[in-house]
1. At 7 Å along the Cα-to-beta-carbon direction for both residue 56 and residue 14, put a label point, then send me their distance in nm to one decimal.
2. Roughly how big is the chain's charge dipole about its Cα centre, with Cβ charges of +1 (Lys, Arg) and -1 (Asp, Glu), in debye to the nearest 20?
3. Between residue 63 and residue 4, what is the spin-label point distance in nm, taking each point 7 Å from the Cα along the Cα→C-beta axis?
4. Got a sec? Charge dipole of the chain, +1 on Cβ for Lys and Arg, -1 for Asp and Glu; which of 14, 4, 42 is way out at the positive end?
Amino acid sequence: MNITQQYLLDTYRARSLGEPAPPAPGTIDRQAVRDWRDERRFRAVLAGRPARHRLRDALGRWRRRPT
């Protein structure tokens, strides 16, 4: 059973029981990633480390390096 079939089955069950429908697959992925990133930044600050964008900083250093 794939994710779409499971979603349709869950929606059918929720409707027949009078419960609210579950969120569609992929609708909360972006928010989950944001929450994870914010948690990592928060923990970095608590640990006394700078909360910055590691990948963005590394790419910036690479781009600015002398040729």
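1. 3.3 nm
2. Using only the charged Cβ atoms, the result is roughly 860 debye.
3. 3.8 nm
4. With unit charges placed on the Cβ atoms, the residue in question is 42.
Values quoted throughout were computed directly from the atomic coordinates according to the rules given, and no laboratory measurement underlies them. A quick note: this is a predicted structure, and the numbers were derived from the prediction, not measured. Reconstructed Cβ throughout: ideal geometry from the backbone, glycine too, with neighbour counts over all protein chains shown.
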